[in-house]
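Below is one structure, written out as structure tokens, with a few remarks after it.
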Amino acid sequence: MQSICKMRPLLFASISSAATGLSPRRISAVAVPTPLVHGVQSLSRRVPASIRRKPSCPALSSRVSACHHFEGQGTMMDVPLPSSGEIHVICGPMFAGKTTALLRRLQAESSSGRNVAIIKSEKDNRYGLDSIVTHDGLRMPCWALPDLSTFRAMLGIEAYDKVDVIGIDEAQFFEDLRDFCCKAADHDGKTIIVAGLDGDYRRCSFGSVLDIIPLADSVTKLTARCELCGKQAFFTLRKTAEQQTELIGGADVYMPVCRHHYVSGQVVIEAARLVLESQKTHTDPFIQASPYTI
Ligand SMILES: Nc1ncnc2c1ncn2[C@@H]1O[C@H](COP(=O)(O)OP(=O)(O)O)[C@@H](O)[C@H]1O
Ligand SMILES: Cc1cn([C@H]2C[C@H](O)[C@@H](COP(=O)(O)O)O2)c(=O)[nH]c1=O
Ligand SMILES: [Zn+2]
């Protein structure tokens, strides 16, 4: 069997040995056409037969139709199916173990027979685009996408219907995170596990991660170790002078710190930035010659 890291990742599936000769506990990235034999449980089986009717959206299989027609007392109305979806959020500073926790949870879901798909932002190209990778080098194949809304179309409706669990890493980079999670959990019955930064290097809300907290079944904030004193680190300090919010990087650019070293570190970095700016002003010939220099 090809290593899972070499195959184009489409879906993780725990495949019964009868179907493939693989041990059921092995996780393998399978191409979508491969029949997925586990965990594909139709939502319609959860709707009592007495009230199950033709789906209101014939184009969608009964598994995903968000509503069914109920006939009775001469009235027809769309009543949403009880959603079996879930949303779980894993957040915290860099190096806190968010991706590690996500991988562990997804492996457990797959080992329990559920079909798993993994997405990350294509902006995070630190370790390549075909896998999610922890700072320790653990990896699993994934889809690298510009946004979440294209996932269902890219995977294909039939394959999307068979997915039970969707893992999302680097969630802070997806602007459409809230809409996607809402639809996937509330209407499509998916379990969504989201890993991302709650705050940026300024400790401001990063992307839409905090916007899905009110939608979540569970929220886990992890901590790292402060690089300067070893205490719990809740924040990420940027060691360089760049000021844009999005700056891809690892330990070369960022370090996890406790509150004390965040505050003191910010002072040092701001002072260094001001020194750099004043040096630039005094050495930049254009600025010196400019009649507008105050
Ligand atoms: N200062 C640090 N504190 C905690 N873990 C660190 C630190 N520096 C490096 N690491 C390593 O980073 C790993 C976590 O990596 P990862 O799961 O990718 O974190 P995250 O996704 O939160 O950035 C830890 O298991 C640890 O081995
Ligand atoms: C704090 C902060 C981080 N980023 C970037 C840096 C990394 O590429 C990712 C976070 O990776 P991890 O999996 O959490 O280690 O986000 C950024 O662009 N802006 C920031 O302020
Ligand atoms: Zn500290």
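Computed from the coordinates by the stated procedures, all read-outs in this text should not be read as laboratory data. Keep in mind that this is a model prediction, so the values were computed, not measured. Virtual Cβ from ideal backbone geometry, glycine too; neighbours counted across all protein chains shown.
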Over segment 86-277: Kirkwood hydrodynamic radius from C-alpha pairwise inverse distances, Å: 17.3
Peptides 116-125, 178-187 ordered by average Cβ neighbours within 10 Å, highest first: 116-125, 178-187
Theoretical gain in end-to-end length, Arg259 to Val275 [0.36 nm per residue, Cα-Cα removed]: 3.3 nm
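Compare the peptides 263-269, 198-204 by average per-residue count of other Cβ atoms within 10 angstrom and give them in order, highest first. Provide the component values of the computation, followed by the final result.
Working: 263-269: 14.4, 198-204: 18.0.
Descending packing order for the listed peptides: 198-204, 263-269.
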Mean Cβ count within 10 Å, highest first, over the residues of peptides 236-242, 226-232: 236-242, 226-232
Gyration tensor verdict on segment 214-261 (Cα atoms; rounded if a/c is under 1.5, prolate if a/b is larger than b/c, oblate otherwise): oblate
Arg225 long-range amide H proximity, modeled H, under 5 Å: Ala233
